[in-house]
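S.K.: Below is a structure I'd like to ask you about.
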Amino acid sequence: MTLDIRQLTPGFGAEVRIDDIARFDEAAFSALRDLWVTHGILLFRDQELSEGAQTALSRRFGELEIHVRTEYLSPDFPEILFVSNMQKANGEPLGILADRDVGWHYDQIYLPKPALGSLIYAVKVPPEGGRTYFADMAAAYEALPDDLKQRIEGRRAVQSYEHFNRSYSVPTSKTQKARTQDVTHPMVRTHPYSKRKSLYICPGMTTEIIGLPETESRDILDRLFEFSVRPEFVYAHDWQAGDGILWDNARTMHRRDPFDGRHPRLMKRTTILMPDALAAPF
Ligand code: OGA
Ligand code: MN
């Protein structure tokens, strides 16, 4: 089965032109999954996606994560995380990340069994700002100079949610801290489906390379971060309400621009976990 697509950049990303992403039969779903693995991010425009439909579609890709920030989960579907600057009726924040600038990160890289993918659906978007950028870490890895490749060969790095939260002064409860202790992962990981290698580090959450002196570790990480966000590896998305983006979280990291907080922005996110059978490369 062939789906109608348009490349978003020469190297990765595709828009899938489909009327209703919630109505995939098995053949179309299997084609969609292949596209996701091939292109790294998939964009769907003009969708009307209920929380139930988003959850059901996401679950076809794998088990879903219930985010540790339980205060921002949908009351109806705990698999849905609100990403928003809006407020609940009681005046508390409705979602994570508010209107701030959010630096490059991989979702859930700080978990022992990290995320395989995320699907964000845009419900309300501000007239400007709040653009989201994705970086293709498989292409970045392949293009790395040989000396850098060699220096990280076989190495692991520390991934820290606390580091991310501290950068944004996000309050974190004791339970949340206990559930998100630092972990280590290989810096280069083989994708469970495509078998392609990706750089698996990000400025927002990676703090050090295991087994190297601090200055060397910092120097290598900085070089890798600078290299991997070169324009040829990045896709920038300007949101319209009704957009959905499904990204391969084993291959792409992302960041977001700030926006004027007087305008409401609401995104709903589901997170697909790495299936147990495929988690071995970690
Ligand atoms: C996220 C995230 C970006 C955005 O939900 O994981 O980083 O555009 N959001 O809000
Ligand atoms: Mn994110």
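S.K.: Under a crude label model (7 Å from the Cα following the beta-carbon direction), how far is Asp4 from Arg262 in nanometres?
M.R.: Using points 7 Å along Cα→Cβ, the separation is 4.0 nm.
S.K.: Run the 1.4 Å probe and let me know the accessible area of Ile272, rounded to the nearest 10 Å².
M.R.: Surface open to solvent at Ile272 totals about 0 Å².
S.K.: Each label point is 7 Å from the Cα along the Cα-to-Cβ direction; what then is the distance between the points at Arg45 and Arg131, in nm?
M.R.: Result for the modelled spin labels: 1.7 nm.
S.K.: Turning to a different aspect of this structure: With all protein chains present, calculate the accessible area of His163 using a 1.4 Å probe and round the result to the nearest 10 Å².
M.R.: 60
S.K.: Report the full-extension gain for the segment Thr215 to Ala89: residue separation times 0.36 nm, less the Cα-Cα distance, to one decimal in nm.
M.R.: Length gained between Thr215 and Ala89: 40.6 nm.
S.K.: What FRET efficiency comes out for the pair Arg100/Ala22, r = Cβ-Cβ distance, R0 = 30 Å, nearest 0.05?
M.R.: Calculated transfer efficiency: 0.45.
S.K.: Just to compare against my own numbers: the Cα pair-distance distribution for the stretch 5-273, 5 Å bins, whole % per bin, please.
M.R.: Spelled out bin by bin, the stretch 5-273 gives 1, 6, 12, 18, 20, 18, 13, 8, 4, 1, 0 percent.
S.K.: Still on this structure, please answer the following. How much of Arg17 can a 1.4 Å solvent probe reach, expressed as accessible area in Å² and rounded to 10?
M.R.: 120
S.K.: Please express the Cα-Cα pair-distance distribution P(r) of the stretch 1-136 as a list of whole percents, one per 10 Å bin, running from 0 to the bin with the greatest distance.
M.R.: 10, 37, 40, 12, 1
S.K.: Run the simple label-point estimate for Ile66 and Lys174 please: 7 Å along Cα→C-beta, distance reported in nm.
M.R.: 2.1
S.K.: Okay, next question. Would you work out which of Gly52, Leu64, Gly242 lies farthest towards the positive end of the dipole of the chain, given +1 charges on the beta-carbon of Lys and Arg and -1 on that of Asp and Glu, about the Cα centre?
M.R.: About the Cα centre, the residue reaching furthest to the positive side is Leu64.
S.K.: Oh, and also: Any chance you could run the full-extension gain for Leu148 through Tyr193? It's 0.36 nm times the residue separation minus the Cα-Cα distance, nm to one decimal.
M.R.: Extra length available between Leu148 and Tyr193 comes to 13.7 nm.
S.K.: Of the cross-linked pairs Lys113/Lys174; Lys113/Lys149; Lys149/Lys197; Lys88/Lys268; Lys88/Lys124; Lys149/Lys195, which ones have a Cα-Cα span greater than 19 Å in the structure shown?
M.R.: Lys113/Lys174; Lys113/Lys149
S.K.: Extension gain Thr184-Ala31, at 0.36 nm per residue separation less the Cα-Cα distance, in nm?
M.R.: 51.7 nm
The values are calculated or read from the model by the stated rules, or taken from the named source; none is laboratory data. Note that the structure is predicted; figures quoted are calculated from it, not measured. Because the Cβ atoms are built from the backbone with ideal geometry, glycine has one as well, and the counts that use them run over all protein chains shown. To get the accessible areas, we keep the full protein, side chains included, count just its heavy atoms, and leave off ligands, DNA and RNA. Shrake-Rupley method; radii C 1.70, N 1.55, O 1.52, S 1.80 Å.
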